[in-house]
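Student: Structure in structure tokens, see below.
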Amino acid sequence: MTTTDTPAPRADAPPRGGEIICEDVVRIFSADGIEVQALQGLNLHVAAGDLVAIVGASGSGKSTLLTILSGLDTPTAGKASVAGTDLLTMRGRARVNYQRHTVGFVWQQTSRNLLPYLTALENVCLPMSLAGNASVPHAEQLLRLLGVEHCRDRTPTEMSGGEQQRVAIAVAVANSPQVLLADEPTGELDEATSVEVLEMMRAVNAELGVTVLIVTHDPTVSEHVRRTVQIRDGRTSTEVLRRRETDEHGQEQHIAEEFAVLDRVGRMQLPHDFVDALELKDRVRLALEPDHVGVWRDATNDPKPAPEGDAPPSGGSNDQAGTSGADGTGPTEPPAGEETR
Ligand SMILES: Nc1ncnc2c1ncn2[C@@H]1O[C@H](COP(=O)(O)OP(=O)(O)OP(=O)(O)O)[C@@H](O)[C@H]1O
């Protein structure tokens, strides 16, 4: 293995994350004459240097999205670019370079991330060697950043699951990618170890400036990221944004606000619990108000008389499903986060 003294990335290096843009991405699989539309016009924008979790039920299209973003698959239609690389037109050598330099991956199965007969240091040096610039000092610095310098000379079987995933993160960022993609990185770990690995993802995001996208079933993941995007039926449906605020008593508050995602042509998916709570189905009544949109159950065939007061535009019940104004709030409305829960 060749070694050169390439300077290691500085902890105070400026952010160099890549932007992720998906517009109306469609992926159709054909198997045994049956077509499955795994992504049905998915829209997603992740800003450079952001840390985002993608959540969703099994079969919602998460892995399909990640496989496209990692350059292992190509969308059937739409637009997708990562760090300025167009993923639909990328071919041959450009694809290899993209996978080697632009993106790094961490997969759920530790066996897929690390070669079992190499030590942690050798595993981290390997992608650098393939790119022609292996640097032992850089690999050692990454192992230190991930808190696994003590595993330097151990093979994967001599490490715990959490240590293996930390080394896997070091491998994934060895060639200084602009985007780090992780597919269920905590899927095989217990809760405490999962938290450690997620904190390491945050550290890599903060220290190296790399954009991080984590696909997961794990609900605790969303507590560790600023933004969680939910995919439903191959489309982005809702988002939760988290931030910390200090209240008037000097106490730190964790604020989580949930938003419905509106696509470029104005489509949105109502959260399941809203639909269930008001028994919405087939069609709903809509009303444009000065600062919000009202959504009502279609009561055309409803035997119940409509109550007085805040009535829908042309009769029916006043079961209001949700509101969203230009700024998401109105003078008498609760904050956006409370509106959608
Ligand atoms: N290669 C394929 N051929 C045919 N259908 C596929 C293929 N890959 C995925 N699908 C289908 O596309 C849909 C989305 O699958 P995907 O694996 O992206 O979902 P997911 O959200 O990652 O699910 P999970 O959380 O269970 O991994 C599913 O209906 C799946 O059966």
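The values are calculated or read from the model by the stated rules, or taken from the named source; none is laboratory data. Model, not experiment: these values are computed from the prediction. A quick note on method: Cβ atoms are made from the backbone with ideal geometry, for glycine too, and the neighbour counts reach across all protein chains shown. Surface areas here come from the heavy atoms of the whole protein model, side chains and all, with no ligands, DNA or RNA. Shrake-Rupley method; radii C 1.70, N 1.55, O 1.52, S 1.80 Å.
Student: Filter the stretch 65-81 down to residues that are touching a Gly at 6+ places or on another chain (Cβ under 8 Å) and within 12 Å of the ligand (Cβ to nearest atom), then give me how many there are.
Tutor: The qualifying residues number 0.
Student: Can you tell me which residue among A277, A260 is of a type outside the set (S, T, N, Q) and buried (at least 16 other Cβ atoms within 10 Å of the Cβ)?
Tutor: Criteria check complete, one pass: A260.
Student: Can you find a residue that is of a type in the set (D, E), assigned to a loop (DSSP other than H, G, I, E, B) and over 23 Å from D233 (Cβ atoms) anywhere in the stretch 57-80?
Tutor: There is no residue in the stretch 57-80 that is of a type in the set (D, E), assigned to a loop (DSSP other than H, G, I, E, B) and over 23 Å from D233 (Cβ atoms).
Student: Let me ask you something else. Looking at (1) within 19 Å of L143 (Cβ to Cβ); (2) without any contact (Cβ under 8 Å) to a residue 60 or more places away in the chain, which is the only condition C125 fails?
Tutor: (2)
Student: Just need a number here: residues in the stretch 81-96 that are out of contact with any Ser or Thr (no Cβ under 9 Å at 6 or more places or on another chain) and assigned to a strand (DSSP E or B).
Tutor: So the answer is 2.
Student: Among the residues of the stretch 142-181, write down those that are out of contact with any helix residue (DSSP H, G or I) (no Cβ under 7 Å at 6 or more places or on another chain) and either open to solvent by less than 40 Å² (accessible area, probe 1.4 Å) or within 22 Å of A83 (Cα to Cα) (or both).
Tutor: T155, A172, S176
Student: In this structure, does D218 turn out to be closer than 28 Å to K79 by Cα, of a type in the set (D, E) and either open to solvent by less than 40 Å² (accessible area, probe 1.4 Å) or in contact with an Asp or Glu (Cβ under 6 Å, 6 or more places away or on another chain) (or both)?
Tutor: no
Student: Also, quick follow-up: Within the bounds of the stretch 91-111, is there any residue that is aromatic (F, W, Y), within 24 Å of A134 (Cβ to Cβ) and either within 16 Å of the ligand (Cβ to nearest atom) or touching a helix residue (DSSP H, G or I) at 6+ places or on another chain (Cβ under 6 Å) (or both)?
Tutor: Yes, because at least one residue in the stretch 91-111 is aromatic (F, W, Y), within 24 Å of A134 (Cβ to Cβ) and either within 16 Å of the ligand (Cβ to nearest atom) or touching a helix residue (DSSP H, G or I) at 6+ places or on another chain (Cβ under 6 Å) (or both).
Student: Looking at the structure I just gave you, is A48 open to solvent by 30 Å² or more (accessible area, probe 1.4 Å), in contact with a Gly (Cβ under 8 Å, 6 or more places away or on another chain) and part of a loop (DSSP other than H, G, I, E, B)?
Tutor: When the stated conditions are applied, A48 passes them.
Student: When residues of the stretch 232-279 are filtered for being among the polar types (S, T, N, Q) and over 28 Å from G294 (Cβ atoms), how many remain?
Tutor: Number satisfying all stated conditions: 3.
Student: Show me the strands (runs of 3 or more DSSP E) entirely contained within the stretch 133-243 in which 2 or more residues are more than 16 Å from the ligand (Cβ to nearest atom).
Tutor: Where strands (runs of 3 or more DSSP E) fall fully within the stretch 133-243 and carry at least 2 residues being more than 16 Å from the ligand (Cβ to nearest atom), they are 179-183, 211-216.
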